[in-house]
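A quick write-up on the structure given underneath.
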Amino acid sequence: MIATSVKAKINGLPVEVPVGTSILEAARSVQVEIPTLCKHRDLMPTAACGLCIVKVSNSRRLPRACATAIEEGMEVWTHDAELTRVRRTTLELILSNHPNACLTCGRNGDCELQGMAADFGIRQDCIPRYVRELEPDTSTGSIVMDFSKCIKCGRCIEVCQEKQNVWALSFLQRGIQTRMAPAGDISLSESPCIRCGQCSAHCPTGAIVENDETATVWEALRDPDKYCTVQIAPSVRVALGEAFGYPPGTDLTGKIYAVLRRLGFKAVFDTTFAADLTIIEEASEFVQRFVHGKGELPLITSCCPAWVDFMEKRYSDFLPNFSTAKSPQQMLGVMAKTYFAEQEGIDPARIYQVSVMPCTAKKYELERTDEMFASGHQDVDVVLTTRELARMIKQSGIAFKELADQEADSVLGTYSGAGVIFGATGGVMEAALRTAYHRITGKNLEKEAIDILPVRGLEGVRSATLNVAGNEVRVAVAHGLNHVETLLNQVRAARERNEEPPYHFIEVMACPGGCIGGGGQPYGVCDELRKQRIQGLMQSDAAMPLRFSHENPEIQTLYRDFLGEPLGEKAHKLLHTRYAARAAYKR
Amino acid sequence: MYKLRKIRFSYLIWETFCMNASALAPMETMDPELRGMVERCLQEWEGREGNLIMILHEIQNRHGFVPREASLFLAEAMGIPMARIYEVLTFYHYFKLIAPGKHNLTVCNGTACYLKGSGRLLTELERRLSIKDGETTEDRMFHMESVRCIGCCGMAPAMVVDQKTFGKVAVTDVAGMIERIRLQEESDA
């Protein structure tokens, strides 16, 4: 019989863990935290930093706990005077290649390297500093890559190549010359980078951070000629609280509305409203393709700008499959500068639309194509990530936690539970199916069937077959771009054989977990945290009386008074976009 | 590890891509002669394990360096990310990404050669050619550089002159090496 678990001792404490568990993981099971800077819970160990060394029985070597599996009968010591001394020296060596620029760094106060230096009580520079000065890469407008702050842990490369399958970043050269960069001497914007920002979410230092645009927003808020409006994405509400000490997944919608008004925004909208709008358009598109046979199947979701960029660069044979519906952010932007402006009698040129997103790629989406200017102006003027909003609130001197809840402004603020779950992987699919079911059968899903459980969860690819009025609807959900290829290859194979597609509807989100795990969310993401944030959204959905996008009264009014029919001429002009094949490498 | 996909040419897809002006922009400028050469290298090593590095060697041997378009072409044809190709190209000092001088003088600076005095060979070359390590003479005739181990430690210190390896090189040999090339060039002219 093959043993499935091993028994060992860590610091004298007995542990029993599955075979193959690393010493690092095994130690966590007995509440022992071994310091590490390169191992991330999402990623394979790179054994680069050398901080997680431990002592094991019968060996004089100091193996790295992240990359060494615990063995039967092994005795491990994780902390003693010698280990601390060696770790300290290792840390000093890392610091000797790192600029002493914490006070002006984007990660100041929230940096793993800084935290480690604090924990080890480093009080002086023991080793002469050698820092390789290279110009920061600001070319994407979404993320800023400053190589001088890189500690060569390899997380960004692991996440870019293996988790996201983007391969924009690579380790070039070797030894002291090693640097992370796109292939050849090109900027990130000329590379296959899709600006998902997962590198910034996984970087332990300030080497990759979001492009901070808080100053631009402050300036706009102080400008008396501008009428500043704001929207917040579904996933922001369950993550922002982490920056203020709330447990992950706490829904702070009401407080966020309140703080945004205090910051000076004249109208507070909710992207979740536009998520409902997206669903109306996308579900109509699905029905048109599925029931009336107009257009390619599977229909593929397009609300994730990083995924759109990836598809345009890598899978341009799927252009006709993409939903032409704009993302909720862009839909809200255009509605604010047309419908809202008209209703309130404000010159749309004066409206300055800020959106708070979990995402760095959203910064790119603003000027993606001409359709992002459908209102006659730039529909959304600037994007702040969740991290940037947290920073603005802290700067403002507003006691966020003490604020009383408020409501959003009513024209573009009411939303359904279906819109809320947009922020989680599978959420767009679920929301669209709820409405598509209604469109096809003329009635709503039964109360107990509203939660479409097979599309929920955190597995990389999930598929389900649903029965809609006797029709088989095959759907699939993928998140984390490394999972997309298998799915699309299945579709390609069926296409080559002239068979019916294996799926009718596919949802893709670039970031693992969907938007709640976005590249602009508070740091420290791992599956545990993703689950908590998703849980927060699901609870908010379940607690809402309104759970179908098509029942949102404001959406109904909007179509009746302004847009006309879903997929109609006006809706098409304002709410839809186009895609084009792009070169992965510009040079 | 990234598994090398079997080399596969799908000219249909290829041509469709090339027709789309925005897609694959950098490859449009690829010289047909270079493209033919890269295709031949690919065919030669088709389906063999670990062929990327051999193909890159072949391209450099025939072309003098590995142009960016050639890497982009390989990435597409072999299904290997461009990033991985550049990781290989920049890891080994041997590979050149820009056109070198007509004649290459390479000094091995690996541990064995270093201990056997490769530094003196470098200094002598720098003095004789009036260029620094990694530079090319103004007339583009000579390019000199030091590389990490070329795998000839038994012959340390070693030099590679135009793909020919010389072992146990003495400082006094250097002037002769340069002179022979110059004379050859003059007689060819």
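Distance from the Cα centre of segment A:111-131 to that of segment A:425-499, in angstrom?
49
Given a cut-off of 20 Å, name the pairs among A:LYS313/A:LYS570; A:LYS226/A:LYS255; A:LYS9/A:LYS55 whose C-alpha atoms lie farther apart than that in the structure shown.
From the list (A:LYS313/A:LYS570; A:LYS226/A:LYS255; A:LYS9/A:LYS55), the Cα-Cα distance tops 20 Å for A:LYS313/A:LYS570; A:LYS226/A:LYS255.
Quote the charge dipole size of segment B:103-188 about the Cα centre in Debye, to the nearest 20; the model charges only the Cβ of Lys and Arg (+1) and of Asp and Glu (-1).
Charge dipole, segment B:103-188, about its Cα centre: 480 debye, nearest 20.
To the nearest 10 degrees, how steeply does helix A:386-396 sit against the main Cα axis of chain A, on a 0 to 90 scale?
Once rounded, the angle reads 90 degrees.
Using only the Cα atoms, what convex hull volume per residue in Å³ does chain B have?
Here the figure is 142 Å³ per residue.
On a 22 Å Cα-Cα criterion, which of the cross-link pairs A:LYS149/B:LYS96; A:LYS39/A:LYS362; A:LYS586/B:LYS132; A:LYS163/A:LYS531 come out too long?
With Cα atoms farther than 22 Å apart: A:LYS149/B:LYS96; A:LYS39/A:LYS362; A:LYS586/B:LYS132.
To the nearest 20 Debye, how big is the dipole of the protein assembly as shown about its Cα centre, given +1 on the beta carbon of each Lys and Arg and -1 on that of each Asp and Glu?
Values: 88 positive and 97 negative charges, 394 e Å.
Using only the charged Cβ atoms, the result is roughly 1900 debye.
Which cross-chain or sequence-distant (5 or more) residues have an amide H under 5 Å from the amide H of A:LEU384, H modelled 1.01 Å from N in plane?
A:SER355, A:VAL356, A:MET357
Using the alpha-carbon centroid of each, what span in Å lies between segment A:182-238 and segment B:133-189?
51
Of the listed peptides B:136-144, A:229-237, B:43-51, A:145-153, what is their order by residue-averaged count of other C-beta atoms within 10 Å, with the highest listed first?
Per-residue Cβ counts within 10 Å, averaged per peptide and sorted highest first, yield A:229-237, A:145-153, B:136-144, B:43-51.
Under the Karplus relation 6.51 cos²θ - 1.76 cosθ + 1.60, θ = phi - 60°, what is the ordered set of whole-Hz ³J(HN,Hα) values for segment B:29-34, x standing for Gly and Pro?
Values, residue by residue: 7, 5, 5, x, 5, 4 Hz.
Taking the Cα atoms of segment A:5-79, what is the range of coordinates along each of the three principal axes, in descending order and whole Å?
27, 26, 19
5 Å is the cut-off here: which amide hydrogens, built 1.01 Å from N in the peptide plane, fall below it relative to A:ILE143, excluding neighbours closer than 5 in sequence?
A:ASN211
Work out the charge dipole of the protein assembly as shown with +1 on the Cβ of Lys and Arg and -1 on the Cβ of Asp and Glu about the Cα centre, then indicate which of A:TRP307, B:THR165, A:HIS40 is farthest towards its positive end.
The listed residue farthest towards the positive side: B:THR165.
Using alpha carbons only, how many angstrom separate the centre of segment A:30-71 from the centre of segment A:273-331?
If we compute the Cα centre of each part, the gap is 44 Å.
For A:579-587, what's the mean count of beta carbons from other chains sitting within 10 Å of each residue's beta carbon? List each step's numbers first, then the result.
Numbers: counts 0, 3, 7, 5, 11, 9, 9, 3, 6.
Counting other chains' Cβ atoms within 10 Å and averaging over A:579-587 gives 6.
Once amide H atoms are built 1.01 Å from N in the peptide plane, which residues 5 or more positions from A:TYR227, or in another chain, come under 5 Å H to H?
A:ILE351, A:TYR352
Percentage of Cα-Cα pair distances in the protein assembly as shown greater than 48 Å, rounded to whole percent? It would help to have the intermediate numbers written out before the result.
Details: 83104 of 300700 pairs.
Considering the protein assembly as shown, 28 percent of its Cα-Cα pairs are separated by more than 48 Å.
So if R0 is 35 Å, what FRET efficiency would A:ALA118 and A:GLU75 give, r being the distance between their Cβ atoms, rounded to the nearest 0.05? All intermediate terms of the calculation are to be shown ahead of the outcome.
Details: r = 31 Å, r/R0 = 0.87.
Computed FRET efficiency for A:ALA118 and A:GLU75: 0.70.
Would you mind estimating how fast segment B:106-189 diffuses translationally, via Stokes-Einstein at 10 °C and 1.306 mPa s with the Kirkwood radius over Cα pairs, in µm²/s?
Working: Rh = 12.9 Å.
Translational D for this selection: 123 µm²/s.
Tell me, what is the percent relative contact order of segment B:103-188, built from C-alpha pairs under 8 Å that lie six or more residues apart?
So the answer I get is 36 percent.
Mind listing the phi-derived Karplus ³J(HN,Hα) values for segment A:560-574, rounded to whole Hz, using 6.51, -1.76 and 1.60 with θ = phi - 60°, and x for any glycine or proline?
Values per residue, Gly and Pro as x: 5, 8, 10, 7, x, 8, x, 6, x, 5, 5, 4, 5, 5, 8 Hz.
Any idea what Rg and Dmax come out to for segment A:215-575 if you just take the C-alpha atoms, in Å?
When restricted to the Cα atoms of segment A:215-575, Rg and Dmax are 19.3, 63 Å.
Evaluate peptide B:74-87: per residue, the Cβ atoms of other protein chains within 10 Å of its Cβ; return the mean as an integer.
Partner Cβ neighbours, averaged per residue: 5.
By per-residue mean of other Cβ atoms within 10 Å, what is the highest-first order of A:274-281, B:30-37?
My ranking of the peptides, most packed first, is A:274-281, B:30-37.
Would you kindly derive the ³J(HN,Hα) couplings of segment A:434-440 from the backbone phi angles with the Karplus curve 6.51 cos²θ - 1.76 cosθ + 1.60 (θ = phi - 60°), listing them in order in whole Hz, with x for Gly and Pro?
Along segment A:434-440, the couplings run 4, 7, 4, 4, 5, 4, 7 Hz.
Hey, could you grab the Kirkwood Rh for segment A:235-365? Inverse mean 1/r over distinct alpha carbon pairs, Å, one decimal. Don't skip to the end; give the middle numbers.
Values: mean 1/r = 0.0592 Å⁻¹.
Here the Kirkwood hydrodynamic radius works out to 16.9 Å.
Can you compute the charge dipole magnitude of segment A:112-228 about its Cα centre, using +1 on each Lys and Arg Cβ and -1 on each Asp and Glu Cβ, nothing else charged? Give it in debye, rounded to the nearest 20.
460
Values quoted throughout were computed directly from the atomic coordinates according to the rules given, and no laboratory measurement underlies them. Everything numeric here is computed off the predicted structure, so don't read it as measured data. Cβ: placed from backbone, ideal geometry, glycine included. Neighbour counts: every protein chain shown.
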